[in-house]
1. Among the residues of the stretch A:399-419, is any modelled with pLDDT of 95 or more, β-branched (Val, Ile, Thr) and touching an Asp or Glu at 6+ places or on another chain (Cβ under 7 Å)?
2. Scan the stretch A:453-487 for residues that are within 14 Å of chain B (Cβ to nearest Cβ) and over 15 Å from A:Ala507 (Cβ atoms) and jot them down.
3. Can you list the strands (runs of 3 or more DSSP E) lying wholly within the stretch A:422-507 that have 2 or more residues being touching a strand residue (DSSP E or B) at 6+ places or on another chain (Cβ under 9 Å), assigned by TED's automatic domain parsing to the domain that holds A:Arg321 and not acidic (Asp, Glu)?
4. Could you please let me know if A:Ile266 is in contact with a Leu (Cβ under 8 Å, 6 or more places away or on another chain), closer than 23 Å to A:Ala107 by Cβ, modelled with pLDDT of 95 or more and surrounded by fewer than 23 Cβ atoms within 10 Å (Cβ to Cβ)?
5. Of all residues in the stretch A:689-718, count the ones that are touching a Pro at 6+ places or on another chain (Cβ under 7 Å) and modelled with pLDDT of 95 or more.
6. Looking at (1) within 29 Å of B:Thr23 (Cβ to Cβ); (2) surrounded by fewer than 24 Cβ atoms within 10 Å (Cβ to Cβ), can you tell me which one B:Leu101 breaks?
7. Which of the residues belonging to the stretch A:450-478 are modelled with pLDDT of 95 or more, among the small types (Gly, Ala, Ser) and under 30 Å from A:Gly594 (Cα atoms)?
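The values are calculated or read from the model by the stated rules, or taken from the named source; none is laboratory data. Because the structure is predicted, anything quoted here is derived from the model rather than measured. Cβ coordinates were reconstructed from backbone atoms using ideal geometry, including for glycine residues, and neighbour counts include every protein chain displayed.
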Amino acid sequence: MMGMRNDRIVGTAVPRLEGREKITGQAQYVDDMVLPGMLYGATVRGQIARGKIKKITFGPGINWQEFVIVSAKDIPGRNCIALIDDDQPCLADGNVNHPEEPILLLAHEDRHLLPKAVEAVSVEYDALPAIFTMEESEGRSQIIWGSDNTFKTILIEKGDVESMWEKADYIVEGEYRTGAQEQLYIENNGMIASFEGKQGLTVWGSLQCPYYVHKALMKLCGLPPERVRVVQMETGGAFGGKEEYPSMLAAHAALLAIKSGRPVKIIYDRMEDMAATTKRHPSRTRHRTAVTKDGKILGGTIEFTIDGGAYATLSSVVLSRGAIHAGGPYYWPSVRISAKALATNAPPHGAFRGFGAPQSIFALERHMDCIARAVNLSHVEIRRRNFLKPGQSTATGQTVSETIDLGGLLDRALELSDYSAKKDEFARENQNGNCKRSIGVAAFLHGAGFTGAGERYLSSVVGVEVCDDGGVQVLVSSAEFGQGTKTILCQIAAEALGLRYEDVRFAQADTQEVPDSGPTVASRTAMVVGRLVQSATVGIRQTLRASGLLGESYTAEECRSACSSYVATHGKLRSLARYEQPEDIVWDEEKYRGSAYAAFSWAVYVAAVTVDLSTYSVTVDDFVALQEVGRVLHPVLARGQIIGGVAQAIGFALYEKVVWANGRMLNGQMTNYIMPTSADLPPIRVYFEERGNVHGAFGAKGIGELPMDGPAPAIVNAVGDALGTSFDAIPLLPEDIFDATARRPAREEPGATVRRNP
Amino acid sequence: MSESPHESSKSEISLTVNGKRVTVRAYAMERLLDVLRHDLGLTGTKEGCGEGECGSCSVLLDGVLVNSCLIPVLQAKDASIVTIEGIHADGRASVLQQAFLDCGGAQCGICTPGMILAACHLLQKRPQPTVEEISEGLSGNLCRCTGYMQIIEAVKEAARRGSAT
């Protein structure tokens, strides 16, 4: 019915669009770019967590005349990094609220002179008492933000959470924590800015969201939209870490460029990047669950709390996703989820793959194992008995309309991981020896796209444009940073229009050239932006048909020649598509009720681990990742997303610990902040079920964040089971296991508190 | 631009880069990485951590795989350096690069040049490495995107294709 005879493109492993440049070292990242007369910029940061700036001294031994120096006084517009609340200053103006607060900017043409100059600036303060934990923030002995240190609270209520307790056979309580995690993209944050009277301000950088930076620069510099241009360079990994911070960096480079009249490049070194830019929000989740003796959840309360650091930035939306995912893929007849994001005197925490969900899902999936022990069921059975089924509703009251079969997904995951045989084998072998083995399970879901009415507010626009040679170009602000944005969107355009993949190009994400297709976040690119690309091609095809250049049925070659004929005769042909919310997606922001996401991806992960009781180290021996993500657009890229996400989540679970002292990261180096190497990871076996989703392009849902959610609880569940000890916090390092098993007497099982109703 | 006082502390250093003899004016302790990127415009070599942990700046120095962020340029005086821009002189490289493309070994691409140099170096020593030898051999090169499996598969595939030709 589409009238095309070309081979399928979607679902096949076409070459990565920008792959050739990457394997030959020709891809241009921001630090590879040099402009004539360019200066290098650096940042002078606060040294203390909280205080008033008394005096700034420029020390001896530096020829300060040679330096461009920018302070808050040089800001032409508003001193803020515009995002949601606009509360974060671009440069400290009198006060500092965390130890990495930027105070001054310096620039010089010889970048070797900058570190000494930064060190030669001394700042004197009147120090104020600071707070560093969620508990201190709740205690309100110091109010450091607003009237109550609280960026945002959310309440989700379903059913009757008062009367269920007395109907319960068991009440299971637990508290679970997750630590900060650094995104650790291998390319540090970097930006170049240039300001010219005629064109205005241009920045080139490593970033995920060109229009976020655009908005921030307009407000900071008091410039109209057409005088600010943001260009995304090849971006060496992001994972959420280049969602909001690039606006800060662009602001800094822009201020130096405006003051000096010359282009300015700022590239962070690893330590500055790790210490000063955003990390995953630390979290604390408290569960109290009413369960029957046959393992049915009657309901529960969930208190989800995150540490947002010193400014609001994205905390309210991270909180929202975390809270909505806190009930997981289970049916809660009654539930109350109360969530809050708190202020502390640490650098603001921000977006990181999963965006709150890995935190609340860690808690829930640990808690499910505790419930299983309490009611004496297996951790498999407790999940099976409580899975959401089509027609049932989630915590926000969203009816599951997808044809998902979680029980079937679980069975398949157990089979793929050879679960039963391994369980028996481990039970036998654990009798003797110093190595204890076990196998853990996690079931979870991840919503694709912005939460609730978010996509409606974004109102994304994409374009597809016909080029002179008969090819087409995809015009979006969606950024490529390794996930495969360019490749999959070109596949979609090619297949939807009936062109060859080789005839589709991808415009550089440049706000002067491409429409605002929204930020490249929230697992929204394949489903939401991809669908819009698909829609935009319809306009092209209709125009070609109406002008008599294309018949009902055509080959890719005919399509291409129709395109080039059209441009030769009529000139430019561009088709735009704007997002329209499907009618069945209704969201009440006030009550936090309704359809939180247009679609969910679903997964069951199984981890087999060995704990070596001579070193207390954990090795993941085998990992099965089974998921339903709708249509798989590109099998190699999709598998790469899952493996990479699982690897990052293994780091989250077992290796990656941010060491804090007074709000400052002490281990901001790859030497002492440990991410997995190729020698540390198990075979990660990836399997997909493809059921398809009507909202997404060719039935695709989101995939990028999903694999971050499940590995940590699956692994920690396995470790706990192997040792007969319950672990409730990550990262779980060898010293933590030593602490729990060797020094302390074995704890009462399970780790959570269980009360048995008479 | 007049010569700044800092210029006087620089000296002339000659080395061979990708088969070409070059002379640069640099601070003696300047990192080979910076000389390659800034003075010679060979930006395919990337900086990830600046302390020899991540391997993004891997180059071959007289046939030995090194982190160019740890090599003062003076140490590279008269040495022969191979970067990603010159790796094609090794016949194995193009097979390996194609395998990276086919197997999904490159995602964001920032670790890729260093990873390809490390893998080339490994295949030189061990033309048919086992999976364990590849994981071990590449463990000095960090990748945050791939979880390494598709990189390991690419090296394995390159070894297979290499032996088939």
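1. no
2. Residues satisfying the conditions are A:Phe481, A:Gly482, A:Gln483, A:Gly484.
3. Per the criteria, A:435-448.
4. Answer is no for this residue.
5. 3
6. Result: B:Leu101 passes all but (1).
7. Scanning the stretch A:450-478 gives A:Ser459, A:Ser460, A:Ser477, A:Ser478.
Residue by residue, here is whether (1) touching a residue at least 40 places away in the same chain (Cβ under 8 Å); (2) under 16 Å from the mean Cα position of the chain (by Cα); (3) surrounded by 24 or more Cβ atoms within 10 Å (Cβ to Cβ) holds:
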residue: A:Leu217; (1), (2), (3): no, no, yes
residue: A:Gly222; (1), (2), (3): yes, no, no
residue: A:Arg227; (1), (2), (3): no, no, no
residue: A:Val231; (1), (2), (3): yes, no, no
residue: A:Gly237; (1), (2), (3): yes, yes, yes
residue: A:Tyr245; (1), (2), (3): yes, yes, yes
residue: A:Met248; (1), (2), (3): yes, no, yes
